[in-house]
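Data block below; observations after.
The values are calculated or read from the model by the stated rules, or taken from the named source; none is laboratory data. Bear in mind the structure is a predicted one, so any value in this text is a computation, not a measurement. Reconstructed Cβ throughout: ideal geometry from the backbone, glycine too, with neighbour counts over all protein chains shown.
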């Protein structure tokens, strides 16, 4: 059974879809990344996952329980940090975690609180009042608070906001360690290079719809780029010859992008010759998450 199962999830605000027909499956121990521009539906999807809003249609399940109707029974299994964290400004980091621990019924000991603060790089600032913390420090404190209950699922919305490069690396290490311990991590972020290092599975959401999804190793494939003249005629020939790949064969600037497993058969050369198409160059290029993201945005 998948730890997180999202099935045709849709949320309308009035007549405007915030997300539409989103389906994602995430297995235990996965670090999953949700990628999309501002206003694409990332936060709406997370709010649906943690029961803060109800879907217009479709469903989502965590550990087999419907998040719209049963999330209250998941509070000890699922922790989330959504949007900008806020704390009692007059409390120190240790006092903040102790308050959160008492409120949740965990009653964590001082040693456990210090271990969490060390994990997020705040041990030396444990006695500093939170009102003196930077945004990045508050983000890390929020993650420490989310880990208090040793959750099976950790959901983070833009956790790298306000983090310096060291903080970003520390967060990456934290998420990978949590994954190795069996925690399933769901994270949204705009830092694509960091997600490429951290996540094993991602989905690209644009305009409320998932445009691409899959394992990172599968998505980060090598594609071919062709320079031809006239390029539009070459594109038309390739799409007509291989209709199954029609959507994947596309213009990228003045070049034609072709899937890596595409076989340029002799018939293609014949078609080019018959239509006075000249091919100047064919090169292989590895696609990163940034390139895939840009493709998804351009498809809208």
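Assigned to a loop (DSSP other than H, G, I, E, B), in contact with a strand residue (DSSP E or B) (Cβ under 9 Å, 6 or more places away or on another chain) and surrounded by 15 or more Cβ atoms within 10 Å (Cβ to Cβ), is that true of residue 68?
yes
What is the one condition in (1) modelled with pLDDT under 95; (2) under 29 Å from residue 180 (Cα atoms) that residue 13 does not satisfy?
(2)
Considering only residues of region 87-119 that are part of a loop (DSSP other than H, G, I, E, B) and touching a residue at least 40 places away in the same chain (Cβ under 8 Å), which is surrounded by the fewest Cβ atoms within 10 Å (Cβ to Cβ)?
Result: 90.
Restricting to region 16-31, count the residues that are assigned to a strand (DSSP E or B) and either modelled with pLDDT under 95 or touching a helix residue (DSSP H, G or I) at 6+ places or on another chain (Cβ under 8 Å) (or both).
Qualifying residue count for the region: 6.
Given 45, 34, which one is in contact with a helix residue (DSSP H, G or I) (Cβ under 8 Å, 6 or more places away or on another chain), surrounded by 20 or more Cβ atoms within 10 Å (Cβ to Cβ), under 22 Å from residue 198 (Cβ atoms) and at pLDDT 95 or above?
34
Can you report the number of residues in region 226-249 which are modelled with pLDDT of 85 or more and within 26 Å of residue 203 (Cβ to Cβ)?
Selection size over region 226-249: 1.
Has region 231-250 got at least one residue that is assigned to a strand (DSSP E or B), closer than 30 Å to residue 272 by Cβ and not assigned by the TED database to the domain that holds residue 264?
no
Taking residue 256 as the residue in question, decide whether it is outside the structural domain of residue 42 (by the TED database) and surrounded by 19 or more Cβ atoms within 10 Å (Cβ to Cβ).
So residue 256 passes the test.
Scan (1) in contact with a helix residue (DSSP H, G or I) (Cβ under 9 Å, 6 or more places away or on another chain); (2) in a strand (DSSP E or B); (3) buried (at least 16 other Cβ atoms within 10 Å of the Cβ) for the single condition residue 264 breaks and write down its number.
Residue 264 satisfies every listed condition except (2).
Give 195, 220 a once-over and let me know the one that is modelled with pLDDT under 85, touching a helix residue (DSSP H, G or I) at 6+ places or on another chain (Cβ under 8 Å), within 30 Å of residue 79 (Cβ to Cβ) and surrounded by 14 or more Cβ atoms within 10 Å (Cβ to Cβ).
Going through 195, 220 in turn, the sole match is 220.
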